[in-house]
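The values are calculated or read from the model by the stated rules, or taken from the named source; none is laboratory data. Note that the coordinates shown come from a computational prediction; the quantities given were computed from them, not determined experimentally. Here Cβ is always computed from backbone atoms with ideal geometry, including for glycine, and neighbour counts include all displayed protein chains. Heavy atoms of the whole protein, side chains included, go into the accessibility calculation; ligands, DNA and RNA do not. Shrake-Rupley method; radii C 1.70, N 1.55, O 1.52, S 1.80 Å.
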Amino acid sequence: MFYVGFYEPSDRVKVLAAQINEQQDIHVMFGPIDVLSVCCGLVCLDLRELAQTKRVSIIKAFTKENVKVVGLVAKGEEPRYLLQLIQLGVTSLLEHHTFSTLLQGIYSAQKDHSILPPSLLHLLKEKIVDMRQVEQESFAHRILSSGVNLTPKEIQISYLLEKGLRNRDIAYLLDTKERTVKVHISHIYAKFGIKHRRNIIKHLKELKNRKNKRFL
């Protein structure tokens, strides 16, 4: 069983939380930041209910304690605002607030996968296309300096893999097929000598944070 926190949810989200609490492997908690940060590995934030001035500090308070954050946002939000939330450390952003989508968001976050709105995926795709050569070289240098010789395509996929994106989203961003992404990821596992997606994501994050520089 794992514990999922809900910080100041709306009445509608409280109803969904009660339904989620009926799952055998999930225990739902409500409470202040300090309590949820200690007891829960994942917290759902209804960002629609939080004042704009509070959102950043609350997200940082949870991510500082290595608590994963699933954010509920309004449909049609500005993609660049959504990107800022991801850069702050939010794992997934859900536009549709139903029992099934919220449950999927929780389970995906537990597996270090992200669910992102289509508008944000489109923006990310533009950023991948427009990424400056110096940023590509910087990311490649960090990987190659670790002694691992990845192909340019494997470096691109590693970059998106570190973000926690699912295979189908990576395929969309790179205009390729999902099965092709799976093949590249298996090569990445072999070259790093690391098994399991969670472990390779952790390793890539460690490589990225050595220089403490963002790529997006």
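Structural remarks
- Approximate shape of region 136-216 as ellipsoid semi-axes (Cα gyration tensor, √5λ), whole Å, largest first: 19, 14, 12
- Against the main long axis of the alpha-carbon atoms of the chain, helix 197-209 sits at an angle near 80°.
- Whole-number D in µm²/s for region 84-206 (Stokes-Einstein; Kirkwood sum over Cα pairs; 25 °C, 0.890 mPa s): 162
- Close amide H partners of residue 94, meaning residues 5 or more places away or on another chain with modelled amide H under 5 Å apart, are 71, 72, 73.
- Within a straight-line Cα-Cα reach of under 17 Å, residue 177 can be paired with the following lysines, leaving aside sequence neighbours fewer than 8 residues apart in one chain: 125, 153.
- Protein-only accessible surface order, largest first, of 25, 112 at 1.4 Å: 25, 112
- Fluctuation leader among 166, 12, 48 - the chain, Gaussian network, Cα springs under 10 angstrom: 12
- For the chain, the relative contact order is 14 percent, taking Cα pairs closer than 8 Å that sit 6 or more residues apart in sequence and dividing their mean separation by the residue count.
- The calculated 222 nm mean residue ellipticity attributable to helices in the chain amounts to -17500 deg cm²/dmol, summing -39500 (n - 2.57) over DSSP H runs of n ≥ 4 and dividing by all residues.
- Put a dot 7 Å past the Cα of residue 176, heading toward its Cβ, do the same for residue 8, and the two dots end up 4.3 nm apart.
- Relative to the longest principal axis of the Cα atoms of the chain, helix 99-110 runs at roughly 50 degrees.
- Rg/Rh for region 1-111, where both radii come from Cα atoms and Rh is the Kirkwood radius: 0.92
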